[in-house]
Amino acid sequence: MNESLISVRYATALFLAAKENNVLSQVKNDVEEVLKIYNQSKDFQRFLNSPVINPSNKLKALEVIFGNKIHELIMNFFTLLIKNNREAFIPIAFRDVLAYIRKESNIKTAVITTAQALDLSTIHKAEETLEKELDTGVELETRINPELIGGMILRIDDNQYDASVSSQLKKLKLELLKTQ
């Protein structure tokens with residue numbers, strides 16, 4: 001079976017269960033927290049994906065790690081995937097769950113990349129502006145890339161707006177080369 005279909009099926013089941021139980025917000029927060037830990041810890045990734053660690057030990061360890069800190073649906077989700085040897089799909093399914101929750105809540109994701117860190121007031125102003133322009137909620141993530149020199153790159157869902165100095169310099173260079 002196609003791997004993306006597998007993760008989508010599990011993600012859909014978790015999303016629908018969370019929606020049915022009116023706990024979308026809590027599940028969203030818990031999923032984000034687990035993904036954060038997963039992305040920051042190579043040890044956690046190796047633990048989840050290890051074929052040597054038996055499933056019951058993985059579940060016991062997850063109970064110790066997360067205990068009552070995450071919603072019961074998430075623990076049930078872990079149990080389901082681990083018992084079916086689908087641990088590798090946890091991060092993919094969680095990303096899909098977050099996408100479903102954002103769509104349900106009419107929230108768009110945006111990433112703004114700048115050469116230097118933005119202060120909090122600028123970030124809040126950017127969020128407010130995007131929310132007004134898009135007429136929807138916006139989750140804004142900021143990134144830093146000194147190679148941009150100045151300006152910014154804004155990505156909203158699958159659309160990208162490049163207003164960086166480095167991009168403008170590249171365009172200028174191409175124009176100058178064309179005229180020669």
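Each value in this text was obtained by applying a stated rule to the coordinates, not by laboratory testing. These figures come from a predicted structure and were not determined experimentally. FYI the Cβ positions are ideal-geometry reconstructions off the backbone, even for glycines, and counts take in every protein chain you see.
Values computed for the structure shown
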read-out	value
If the convex hull is drawn through the Cα atoms of segment 3-103, its volume per residue in Å³	91
Restraint check, 108/178; 36/58; 69/125; 125/178, Cα-Cα greater than 28 Å	108/178; 69/125; 125/178
Cα extents of the chain along the three principal axes, largest first (Å)	67, 37, 33
Potential lengthening between residue 57 and residue 125 on full extension [0.36 nm per residue; Cα-Cα distance subtracted]	19.8 nm
Centre separation in Å (Cα based) which lies between segment 1-48 and segment 121-180	30
Nitroxide proxy distance, nm - points 7 Å out along Cα→Cβ at residue 162 and residue 25	4.0
Contact order normalised by residue count of the chain, Cα under 8 Å, 6+ apart, percent	20
Gain in span if fully extended, residue 178 to residue 95, counting 0.36 nm per residue against the direct Cα distance	25.5 nm
